[in-house]
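Notes follow once the structure below has been shown.
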Amino acid sequence: MINENYLNKALIIFIFLVILAAVTHMVAAYYISGYVTDSSTGMPLSNASVTTNTGLVTSTDTYGFYNLTDIDNGTYLINASLPGYSTSSSERVINSTDIDNANISLSPLLDPTYSISGYVFDNYGLGLVDVLVHNGSYQNTTVESGYYLITGLLNGTYNFSYSKTEFDTGYLNVTISGADNISANITIYDTTPLAQVTGLMNDTPTQTTVNLSWDPISDANYYQVFRNSTSLGFTQNTYWNDTDLTPGASYQYEIRANDSYSNWGQNSSVLTVTMNNVSLSITASSPDNDTTTTVGTAQEFEIVLNRDADITWYINDSIIQSNLSAISANYTNSTAGAGVYNVTAIASDDYYSISRTWNWTVIDQTAPGGGGDGGGGVGSYNISGYVLDSSNLKPLSIANVTTNTSLQTTTDLNGFYNFSGLINGSYMISASLMGYADNYINRTISGADVSYANITLSPLSCTDCHYSISYMNSFGRSDLYVNQTMVNESVHVALSCKDCHTDTSIHPPPKSGWKWCEDCHANTQNPRTDKGRHNIVNNPWNNLYNGISVVNITSCTTCHDPTLYNNSKNTYGKEKGIDCDYCHSFPDNVVEVFSITAALFLIILSNRYNNN
């Protein structure tokens, strides 16, 4: 049997150890406490779950505070979590002491963001630049194509506004639901009328014509001109020439402006114009009759008009002087040699032309050898030289050369001319050639021939001749006079004559070297016929291709495929001797097959074209 004393001792020791362990445990209990906060704001987070790797669990109070108690010495991983935030952990070590301020910050989870994009169009469906797209802090402006892009949007529905000066503001509700919205397109309209035309005025009217002008309007596409409330037409210029009016009649004019969206401005104030009832006339002239003077004596010619006009003086059909916008003018000559001269003054105001002519005889009383019958005879001499192009000094053949003594000749192939049988005295030698400005020189014969009396002629621009009815009449070609009003009121005002009259090797240029209207004015209504392909409407500004007026289309490849067009042009262009459309239905259509008979027909056409 086990000794009873032994058992009692063992029981006493066991009880002691249990009590010692309990007391030891009570003394060794510690805590870990701190706060859980939002990392982005620093604000406390309530109801956050706080746990340890040993299975302890608690949560934060309304101040974000937590406290983990009854913790023994050791290393602990403390985890904090809250819906909408990422979980965060902190490691702490208990070494026989409590731990305060074991703070943990949680980062909020970011929601995904998306973008909206699209195009803003105008009245004609064309992209509109510089439109402000706006919703609160979200905004952007459209680029040249009308495109816009706004990023950083959460799921939801947004109301965007679309605004641009002179356009009605548009609104669009755009919804984002887990993806980018790439089709937020909208059309806004320009319905704003243009400003009223101001500054309408006129120049001094003639009997039948008046020139109007006015101040330009910003954004005006063209202007409409009214006479007595009836439309006269449209222009992109800020001036208008009204013709074929009744002398002495009064007319009322108004102008209004239109923009590219067909918004009309208010009519201008009414301008009343009363036409002149008096024709251009010469009120006085001198000398009264034809006159005779001696060599070296100054002779003055003068005319006086009833109103301002351009006055041009001629001697033997050669221009010698011009006086612009003058009511009177005079011409004096003291260098004319012996001979008979036709002196003419022509006054013109572009609508009327009047003239005064004198026959002026100059006699020489100082011939060599003492004069009269005193013996010695009268010497005979030559004046010769070349007529040259002033721009390159090349000789000009078939130029007309005259003297103030009514002698006349033409230059040979080398530009050379010669006058013989002349006596001592002063001579004015004039040269003229179509396409050049007339010119003259003065030479004096004093007992010897005069050589190298060269005359240079300056090439004229087309407008130097064709805008002057009096000048074209001097060549007997009034049919080639160009009315400036016609040019000013058309697109051709921006062109050079040579843009259409391309062959300038001879003058006038042959029709084979002209461009035709349909070479520039394109319309794609029916590409298989000339009339459909090249249709000039009453107002070509309103004839649009992809929103662009055909008047502004300067390249054929705007409408045609560039490669196919250039291949056709380089192979079958007019410069190749035959026009494209003899073989091709259209530059960017498939070439039509034709028979041997058709090919022979084309050869005949080509020969005819080359012969012409």
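The values are calculated or read from the model by the stated rules, or taken from the named source; none is laboratory data. Just so you know, these numbers come straight off a predicted model, no measurement behind them. Areas reflect the complete protein model, heavy atoms only, side chains present, ligands, DNA and RNA absent. Shrake-Rupley method; radii C 1.70, N 1.55, O 1.52, S 1.80 Å.
Considering only protein heavy atoms, what is the solvent-accessible area of Leu422 at a probe of 1.4 Å, reported in Å² to the nearest 10?
For Leu422, the solvent-accessible surface is approximately 10 Å².
So how much accessible area does Thr191 have, in Å² to the nearest 10, using a 1.4 Å probe?
70 Å²
Any chance you could check the Cα centroid distance between segment 45-83 and segment 192-224 for me, in angstrom?
Taking the Cα centre of segment 192-224 as reference, the centre of segment 45-83 is 86 Å away.
Order the following by accessible area, largest value first: Glu300, Glu144, Glu254. Probe radius 1.4 Å; ligands, DNA and RNA are ignored.
Per-residue accessible area, sorted high to low, gives Glu144, Glu300, Glu254.
Could you put Thr204, Thr283 in order of accessible surface area, largest first, with the 1.4 Å probe and the full protein assembly present?
Thr204, Thr283
I'd like the accessible area for Cys462: 1.4 Å probe, protein heavy atoms, all chains in place, Å² to the nearest 10.
50 Å²
Could you please put Trp240, Trp214, Trp264 in sequence from largest to smallest accessible area, using a 1.4 Å probe?
Trp264, Trp240, Trp214
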